[in-house]
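These notes concern the structure reproduced below.
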Amino acid sequence: MISLNALLVLSAILFAVGLAGALTRKNAILVLVSIEIMMNAANLNFIAFWRAGMVELTGPLFALFTLVIAGAESAVGLALVIAIYRHLKSVDVGNIQSLSG
Amino acid sequence: MDIAQLGFVLLSAVTIAGALGATTINDLPRALLSLVLFFFGVAALFFMLHAEFIGVVQVLVYVGAVAVLFVFAIVLTRARLQATEIGRLVPSRVLGILGAAVVGAGLVGVVVRTTDVPLPAVAPLGTTAPIGEALMTRYLLPFEIASVLLTAALIGAVVIALEDGEQRRSA
Amino acid sequence: MTVTLDQGFVQAYQWILGVARDLGLPVWLVTLLSLAIPVVVVIAIYAGFFAFLTWLERKVISRIQNRYGPNRVGPFGLFQPVADGIKALTKEDVIPAGADRLLHWLAPCVVVVPAITVYALLPLGRNMTAVDTDVSVLLFFAISSVSTLALFIAGWASHNKYSMLGAMRAIAQMISYELPLVLGALPAIMVVGSMNLGAIVKAQGPQATGELFGGIAHWNLWTPWGFVGFVAFFIAGMAELNRSPFDIAEGESEIIAGFHTEYSGFKFALFFMAEYLSTIAFSALASSLYLGGWNGPAFLPSWLVLFLKIFGLIFVMMWIRSTLPRLRVDQLMAFSWKFLLPLAIVNIFATGLWHVLPRATLADKAVAWGAAALVLIPTYLLLAKLNGGRATEQRRYRYADL
């Protein structure tokens with residue numbers, strides 16, 4: 001059988017990959033992609049803990065709400081990317097610095 | 001190694017490969033497809049853990065909606081023409097990768113130190129109906145708030161992405 | 001156990017597995033066999049169905065347009081699909097110079113997979129569901145939403161502006177019509193209280209033996225919410241399948257052939273096959289949700305009943321295709337967002353009313369019907385009035401009218 005730790009390690013690896021992507025990618029779309037990966041890794045943890053303990057339905061329900069938030073987040077995030085592209089003609093996060101001190 | 005473990009190892013490999021592809025491939029559509037592979041891997045893991053409903057919603061929301069949103073963003077920003085390459089390993093990037101590695105190693109370290117629990121052999125029976133019931137009783141308020149949030153996000157996204165009247169006239 | 005026509009396939013399947021076990025084959029081989037047989041049979045039968053359907057569509061449309069249609073190869077041109085298949089297989093496979101070769105190859109593969117996978121979820125006859133899950137209706141929509149991405153891959157990889165335009169049109173259309181599609185299926189799920197297609201079909205079956213046409217009276221179609229739901233579901237499904245009059249994604253006269261402009265030979269045949277297989281699967285889903293699925297008169301085997309219902313629905317689609325002109329892009333979007341979607345949402349409210357009201361006696365039934373009609377008819381009239389204004393107004397051309 002699979003053990004809980006195997007799932008947790010997998011989720012930790014996925015989270016680290018997503019984090020590395022979010023910190024290193026230049027394209028704003030790909031930064032959002034990396035954030036989605038991190039959210040999925042967190043969701044995997046919720047389901048894994050629920051499957052190991054199986055008390056109540058908190059795990060799946062939390063995962064469900066995370067999915068809702070992820071959907072809303074990517075919709076607004078990508079709208080922002082498109083709006084920024086229209087102004088700056090670029091989606092490079094390095095170019096978006098008019099607010100930096 | 002029994003068949004469940006073999007399946008888990010294969011699925012993990014696919015999922016990690018998808019995540020790595022999405023974060024390292026330079027060509028945007030290919031990175032997006034790699035992300036879709038990752039989404040499918042996670043959905044399959046949910047199915048394996050008997051969370052069928054979450055798995056289905058995962059495919060429906062991520063592959064059916066979020067990935068399509070990314071498609072629109074890619075096309076509308078003509079991102080193929082943009083510099084998307086990871087580029088040279090400038091110090092800030094090295095720092096980013098190092099930081100992520102430290103976080104990952106920390107998480108794995110904590111996990112390894114705890115006592116391991118094998119997953120119960122008995123599969124939970126049909127989670128779909130209980131989830132529906134919980135959403136309509138105990139979790140009704142979060143459910144309603146989530147729908148308000150989605151409506152707000154929908155309107156917000158339209159307002160943000162809409163061209164201003166002046167720009168449209170000049171275009 | 002007597003062998004019946006109705007259960008013939010199931011019994012043959014059990015018999016083969018029994019023989020395999022008796023021969024002393026290892027367990028994993030028997031398991032593999034038990035998985036492989038339904039897959040092979042379903043793909044073989046429905047691929048044959050697809051070939052026949054291409055011939056039927058051409059024949060039906062020809063008849064409506066006062067032509068003969070294919071009549072050279074075999075009797076009534078019946079072997080035309082074989083000739084077409086050979087032609088597609090032997091044609092040169094052209095890949096455009098600027099194309100992304102990997103993705104160009106991947107798109108036709110990806111587009112076929114969901115079209116075939118959904119057959120696992122459909123109850124194709126009594127005791128004939130390959131994967132019987134709690135969430136089969138939702139899973140059907142989830143799997144078929146993958147084909148949207150395949151169209152994008154095809155359009156992008158071709159590196160051709162018409163392909164890209166067609167792909168973007170297809171994606172916009174499929175996203176817009178997915179909402180009325182799912183909301184159109186929801187009333188049936190609400191009333192039965194299950195997303196399992198088997199349970200939904202069973203709920204529409206005969207409640208006592210000897211009912212007219214195997215319990216035709218219990219079909220979901222014969223309720224106010226069922227009628228509205230079915231119509232919304234059917235229209236949205238036709239748009240989802242890119243069928244005329246919703247075929248702006250591949251409108252030949254506007255953008256050549258849309259996302260599959262740059263595909264030839266066998267790859268084009270795969271796109272074609274995916275389209276027809278999805279049409280058959282969608283018709284099977286529509287009949288399972290609203291037309292009683294495989295329930296039918298006792299003298300017909302259940303799988304044949306479903307076949308006939310699928311054919312009926314596809315015939316209606318062909319009829320519509322050869323009758324109505326193609327929509328404009330703005331009309332298409334407005335129809336989904338301003339008409340079908342609000343109607344489907346109000347229909348859910350009507351379903352709730354129907355579900356709550358008692359329907360034991362005739363008087364109760366009349367009250368329930370009246371209540372549902374009171375919700376649905378004013379909504380329809382209002383939406384029709386609100387949408388009627390600009391959409392039907394004659395289009396003004398700046399120069400041509402002078």
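A few notes on this one:
- Considering residues of region A:5-27 that are at the interface with another protein chain (Cβ under 7 Å from one of its Cβ atoms) and of a type in the set (S, T, N, Q) only, the residue farthest from the chain's Cα centre (by Cα): A:ASN5
- Taking (1) hydrophobic (A, V, I, L, M, F, W, C); (2) under 11 Å from C:GLY258 (Cα atoms); (3) buried (at least 24 other Cβ atoms within 10 Å of the Cβ) in turn, C:MET164 satisfies each apart from (3).
- Unmet criterion (only one of (1) assigned to a helix (DSSP H, G or I); (2) more than 7 Å from every other protein chain (Cβ to nearest Cβ); (3) not acidic (Asp, Glu)) for A:VAL55: (1)
- Search result, residues across region B:27-74 that are at the interface with chain A (Cβ under 9 Å from one of its Cβ atoms), touching a residue at least 24 places away in the same chain (Cβ under 8 Å) and over 14 Å from the mean Cα position of the chain (by Cα): B:LEU28, B:MET48, B:LEU49, B:HIS50, B:ALA51, B:PHE53, B:ILE74
- Here C:ALA170 clears all of (1) more than 9 Å from chain B (Cβ to nearest Cβ); (2) in contact with a Leu (Cβ under 6 Å, 6 or more places away or on another chain); (3) surrounded by fewer than 24 Cβ atoms within 10 Å (Cβ to Cβ) except the condition numbered (3).
- The lone exception for A:GLY71 - which of (1) more than 7 Å from every other protein chain (Cβ to nearest Cβ); (2) surrounded by fewer than 24 Cβ atoms within 10 Å (Cβ to Cβ); (3) in a helix (DSSP H, G or I); (4) free of Cβ contacts under 8 Å to residues at least 40 places away in the same chain it fails: (1)
- Given (1) surrounded by 21 or more Cβ atoms within 10 Å (Cβ to Cβ); (2) under 30 Å from C:ALA99 (Cα atoms), index of the condition C:GLY226 fails: (2)
- Scanning region C:198-219 for residues that are under 21 Å from the mean Cα position of the chain (by Cα) and at pLDDT below 80 yields a count of 0.
- The condition of being within 12 Å of chain B (Cβ to nearest Cβ), on the phi < 0 side of the Ramachandran plot and assigned to a helix (DSSP H, G or I) does not hold for C:ALA115.
- Subset of region C:254-281 (residues that are small (Gly, Ala, Ser) and over 26 Å from C:ASP100 (Cα atoms)): C:SER278, C:ALA281
- Helices (runs of 4 or more DSSP H) fully within region C:177-285 counting 1 or more residues that are closer than 14 Å to C:ALA344 by Cβ: C:224-240
- Residue count, region C:311-361 (criterion: within 30 Å of C:SER253 (Cβ to Cβ), surrounded by 14 or more Cβ atoms within 10 Å (Cβ to Cβ) and among the aliphatic types (A, V, I, L, M)): 12
- Residue tally, condition part of a helix (DSSP H, G or I), surrounded by 23 or more Cβ atoms within 10 Å (Cβ to Cβ) and out of contact with any Lys or Arg (no Cβ under 7 Å at 6 or more places or on another chain), over region A:13-31: 11
- Residue match in region C:138-145 (condition: within 24 Å of C:LYS338 (Cβ to Cβ) and in a loop (DSSP other than H, G, I, E, B)): yes
- Residues of region C:25-44 that are surrounded by 13 or more Cβ atoms within 10 Å (Cβ to Cβ), within 24 Å of C:LEU78 (Cβ to Cβ) and more than 17 Å from the chain's Cα centre (by Cα): C:VAL41 alone.
- Residues of region A:82-101 that turn out to be farther than 22 Å from B:ARG93 by Cα and in a loop (DSSP other than H, G, I, E, B), as a count: 1
- Residue match in region C:153-167 (condition: within 12 Å of chain B (Cβ to nearest Cβ), among the aromatic types (Phe, Trp, Tyr) and within 15 Å of the chain's Cα centre (by Cα)): no
The values are calculated or read from the model by the stated rules, or taken from the named source; none is laboratory data. None of these values were measured; they are calculated from a predicted model. Reconstructed Cβ throughout: ideal geometry from the backbone, glycine too, with neighbour counts over all protein chains shown.
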